[in-house]
1. Expressed as an acute angle from 0 to 90° and rounded to the nearest 10, what is the orientation of the C-alpha long axis of helix 20-29 relative to the principal long axis of the chain?
2. Step through the residues of region 46-62 one at a time and calculate ³J(HN,Hα) from phi using the Karplus curve (6.51 cos²θ - 1.76 cosθ + 1.60, θ = phi - 60°), rounding each to whole Hz and writing x for Gly and Pro.
3. Treat each spin label as a single point 7 Å out from the Cα along the C-beta direction, and report the residue 96 to residue 57 distance in nm.
4. Let's test this: bin the Cα-Cα distances of the chain at 10 Å from zero up to the farthest pair and state each bin's percent.
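What follows draws every value from the coordinates through simple rules; no lab data is involved. Since we're looking at a predicted model, the values are computed, not measured. Note that we place each Cβ from the backbone using ideal geometry, even for glycine, and neighbour counts take in every protein chain shown.
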Amino acid sequence: MAHDDDEYVYDEATGDWRPASEVAAAAATSRPVARDAAGNELADGDSVVLIKDLKVKGAGQTLKQGTVIRSIRLTDNPEEIDCRHDAIRGLVLRTEFVRKR
């Protein structure tokens, strides 16, 4: 419900002026869904398994198939996830190379 003190934002899709809070809520729910190689939906904190060997650029090492990555974080790009690995800091993996555990 809109209040008199709400800021309004022009919605180009509908051609209407809408409360900023309503537009922000709609944007939060329309975030693209990240899916693994098998089509399973991924969420923050999930564990994933690599489905193939991956050479890590800049680290000079290879992550082997079957390596478990725990506690992933989703990014703004639904095709990429932030990961923590013991040997590699700031690891970003493409979702096409992981399967939800």
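1. Approximately 30 degrees, to the nearest 10.
2. Each residue's phi maps through the Karplus curve to give 5, 9, 10, 10, 6, 9, 7, 5, 10, 7, 8, 5, x, 9, x, 9, 10 Hz.
3. Result: 1.4 nm between the two label points.
4. 14, 37, 18, 16, 13, 3
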